[in-house]
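Written out below as structure tokens is the structure these notes cover.
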Amino acid sequence: MEHLLRRYGTGLTALCIGLTIFWLAVLVLLPNFTMLESSFRPYLAKVDEGGPLDFYSLRNYGMVLGNEVDFSIFGYVVQTPVRLKVFILTIVYSALVTVITFAMAYPLAYYLAKIVSPKSLPTLFLLLFVPLWVSEILRSFAWWIILAFKGPLNALLMTLGLISEEVRWISGFTPVVVGLVYTYVLFMVFPLYNSMQSLDSNQIEAAEDLGSPWWRTHWRVILPHAKPGIASGAVMVFMLSAGSLLVPSLLGSTTSGWFTQTIQGIMLDSQDWNAGAAFAFMLLLVCTIFVSIMMRVFGVKLSDIAK
Amino acid sequence: MSAAIELDDICCDFGKFRAVDHVNVTIKAGEFFSFLGPSGCGKTTILRMISGFIEPTEGVVRIGGQDMKGQRPNQRPTALIFQNLALFPLMPVWENISFGLEVRGVDKVKRRARAEELLELVELKDSADKMISQLSGGQKQRVAIARALAVEPSVMLLDEPLSALDLKLRQHMRAELRAIQKRTGVTFIYITHDQGEALAMSDRVGVMSQGKLQQVADPREIYNNPVNGFVASFVGENNILTGEVKKAGKGEAEFATAIGTFRARLGNASHGKLYIRPEHMTLSSKPGKENSVPVSIADVSFEGNFITVQAKAANGTHLIAELRNDGSATVPAAGTNMHMSFAAERASILPDTSSVGA
């Protein structure tokens, strides 16, 4: 603070701090707090607001339970409230997206950080970034075309003789997972690249010199070193996937409900902002808890991720 | 346990740059061999070719008589100690040491026991469960040695591992390394640019310059009978005089310089420069019997066990004498005129460079 004052003078310091406080308080905390407050209040006609019916309750949160449907878990059919089922599937498939992006990003990040010559690195990074210049909507539609029943993917696989008749890719969660992986894979690549780049290459050579095969070098030396990067990539991809609305809406099939779509339905179709707020908070809360548990399981500290 | 290494006419090119140029040397089993040279002379490249991280462009590397072509570092009987040690910071000390055994599928109890044993060998008991970051520089050094010894290599390769340590510790670790080498009997190949290290520890030293091996000999021979100017001036100090060979006789010649004509030893070179070590210079008030130059004393610095005298000859040629302080020696005063002389058998006429095929 003193340092800032000395460096930039009173005016500029006040402006910097003022803007930060404005952003945090007015643009982040206030709307979230308003949502949180309204999530405990019932959805009422304008005239009843502030009247005897307007009191705090957990009724909106309870709305997630109700309308039971069949939910098959490992072959066992359980009667589950439909929104809860969507909620659980959203978490499960977001976790799956996270795992797939990791499996794809790890070799790529290792290649970029340790194998490729520094000279060709800018070109490769450019190639990775170019798709980001196209809007997310267009990219999702592109996948919708690629995966279509009479689309190029099926045509290619048939030509190669890998399949004998068209596969209906756009069914279940497949297209959503494909779309999410495609959209968020870079959020995994870059933290992984950063963490691997800081690894001393001599350690990799030392492991090899001591007789270690490549997979053990990865398991014992490279992977542990990259853990903070993996954690921060995984948190980002998981949170973004669970909170994504565009990809599940565009690429979803009739059987792939995403919880954000449920929230959208309640807020925009039913106009019930109170219940919508409650659902949004539930998603945030459960995702945060899930991430915290995962961090505990893998022994990652919050400070590691912020690096 | 230990194995001999043959470098059979090896070369290594990086693009158009030839880093190692036709190096031939046989390192005996159980020997402590040093490659000595300035940075960029190709000594690290040689080490990496022996360990298998680089394949030679030409020539053959043999370890224990076996051609190592196509053998990856994890298949060779060598263990490399890196310049920055490259210990695994996320593993405790004992796991670092036993990593090589873990790779070989040794069970945990045996690994732990072996790690403790090696820690005792490097005098670092009770540190098994510490993390690497908790150790001092010298302790890390020992862990690196123990980690390399754990895989029972036939050959230990050391890439300037002492360069990061302070002077006291470095001298201590020299003795330690030498002792460990004697105890284990493993062939040690040591890379350094520090002549003191190379001379003090090695059975034999190979001096390198610009990818070529200049001389391979035991430390005394390297210091007392350097084969060329590069070796003479890289290893130890020298007074270097330019001039011409006159009257070449049997192993001896007269050498004419701007400050006089001197008798000196002559090898098989027909021209070169005259090299005299400062400690072989003597000072007296009267001219000596032979090889004597009148000089004026420019500066005298007293360094405890010896006295360094900077002097100038008539035409301004700079000469240095290093006098042993035996307690009674009269220290010459700056500004006085004296005579500096040297024995003919202590002065050598050497060519600038020449490569050897030892």
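The values are calculated or read from the model by the stated rules, or taken from the named source; none is laboratory data. Remember, it's a predicted structure, so these values are computed and weren't measured experimentally. Using ideal geometry, Cβ is built from the backbone for each residue, glycine included, and neighbour counts are taken over all protein chains shown.
For segment B:44-82, the tally of residues that are more than 15 Å from B:PRO153 (Cα to Cα), of a type in the set (S, T, N, Q) and either within 11 Å of chain A (Cβ to nearest Cβ) or surrounded by 18 or more Cβ atoms within 10 Å (Cβ to Cβ) (or both) stands at 2.
Annotation note: of B:ALA253, B:ALA321, B:ALA269, B:ALA298, the sole residue that is touching a strand residue (DSSP E or B) at 6+ places or on another chain (Cβ under 7 Å), of a type in the set (A, V, I, L, M), at negative phi and surrounded by fewer than 15 Cβ atoms within 10 Å (Cβ to Cβ) is B:ALA298. Looking at segment B:94-130, which of its residues are under 22 Å from B:LEU157 (Cβ atoms), among the β-branched types (Val, Ile, Thr) and more than 14 Å from chain A (Cβ to nearest Cβ)? Once the filter is applied, which keeps residues that are under 22 Å from B:LEU157 (Cβ atoms), among the β-branched types (Val, Ile, Thr) and more than 14 Å from chain A (Cβ to nearest Cβ), segment B:94-130 yields only B:VAL122.
Answer with yes or no whether A:GLY172 is touching a residue at least 40 places away in the same chain (Cβ under 8 Å) and on the phi > 0 side of the Ramachandran plot.
Values: touching a residue at least 40 places away in the same chain (Cβ under 8 Å): yes; on the phi > 0 side of the Ramachandran plot: yes.
For A:GLY172, the condition - touching a residue at least 40 places away in the same chain (Cβ under 8 Å) and on the phi > 0 side of the Ramachandran plot - is met.
Hey, can you tell me all the residues within segment B:275-295 that are under 19 Å from B:ASN238 (Cα atoms) and either aliphatic (A, V, I, L, M) or in a strand (DSSP E or B) (or both)? If the condition is that a residue be under 19 Å from B:ASN238 (Cα atoms) and either aliphatic (A, V, I, L, M) or in a strand (DSSP E or B) (or both), then B:TYR275, B:ILE276, B:MET281, B:THR282, B:LEU283, B:SER292, B:VAL293, B:PRO294, B:VAL295 are the ones that fit. Residues that are more than 9 Å from the chain's Cα centre (by Cα) and at pLDDT 90 or above were ranked within segment B:183-203; the one that is surrounded by the fewest Cβ atoms within 10 Å (Cβ to Cβ) is B:ASP203. Just so you know, in segment A:210-259 the residues that are away from every other protein chain (no Cβ under 14 Å), among the hydroxyl-bearing types (Ser, Thr, Tyr) and touching a helix residue (DSSP H, G or I) at 6+ places or on another chain (Cβ under 7 Å) include one that is nearest to A:ALA142 (Cα to Cα), and it is A:SER249. Taking segment B:125-139 as the range and being part of a helix (DSSP H, G or I) and in contact with a Leu (Cβ under 8 Å, 6 or more places away or on another chain) as the test, the residues that pass are B:ILE132, B:GLY137, B:GLY138, B:GLN139. Within segment B:140-189, the residues that satisfy the criterion of being in contact (Cβ under 8 Å) with a residue 40 or more places away in the chain, of a type in the set (A, V, I, L, M) and not in a helix (DSSP H, G or I) are B:VAL151, B:VAL155, B:MET156, B:LEU157, B:LEU158, B:ALA164, B:VAL186, B:ILE189.
Number of residues in segment A:57-88 that are at pLDDT 75 or above and either surrounded by 19 or more Cβ atoms within 10 Å (Cβ to Cβ) or under 23 Å from A:GLN271 (Cα atoms) (or both): the value is 17.
Only one entry in A:THR10, A:THR34 is among the hydroxyl-bearing types (Ser, Thr, Tyr), loosely packed, with under 15 Cβ neighbours inside 10 Å and over 32 Å from the mean Cα position of the chain (by Cα), namely A:THR10. Inside segment B:1-43, residues that are under 19 Å from the mean Cα position of the chain (by Cα), among the hydroxyl-bearing types (Ser, Thr, Tyr) and surrounded by 19 or more Cβ atoms within 10 Å (Cβ to Cβ) make up a count of 1. Name the single residue that is surrounded by the fewest Cβ atoms within 10 Å (Cβ to Cβ) among those in segment B:92-127 being of a type in the set (Gly, Ala, Ser) and closer than 21 Å to B:MET173 by Cβ. Restricting to residues being of a type in the set (Gly, Ala, Ser) and closer than 21 Å to B:MET173 by Cβ, the top hit is B:SER127.
For segment B:272-295, a residue qualifies if it is more than 30 Å from the chain's Cα centre (by Cα) and either surrounded by fewer than 17 Cβ atoms within 10 Å (Cβ to Cβ) or not hydroxyl-bearing (Ser, Thr, Tyr) (or both), and the qualifying residues are B:LEU283, B:SER284, B:SER285, B:LYS286, B:PRO287, B:GLY288, B:LYS289, B:GLU290, B:ASN291, B:VAL293, B:PRO294, B:VAL295.
Which residue, of A:SER140, A:SER195, A:SER135, A:SER171, is surrounded by fewer than 17 Cβ atoms within 10 Å (Cβ to Cβ), modelled with pLDDT of 85 or more and of a type in the set (Ser, Thr, Tyr)? So that I can check it myself, show each step before the final result.
Details: A:SER140 fails: surrounded by fewer than 17 Cβ atoms within 10 Å (Cβ to Cβ); A:SER195 fails: surrounded by fewer than 17 Cβ atoms within 10 Å (Cβ to Cβ); A:SER171 fails: modelled with pLDDT of 85 or more.
The conditions single out A:SER135.
Taken over segment B:218-233, the criterion of being closer than 11 Å to B:ARG277 by Cα and loosely packed, with under 15 Cβ neighbours inside 10 Å is satisfied by B:ASN224 alone. Scanning segment A:186-209 for residues that are at the interface with chain B (Cβ under 9 Å from one of its Cβ atoms) and among the hydrophobic types (A, V, I, L, M, F, W, C) yields A:ILE204, A:ALA206, A:ALA207.
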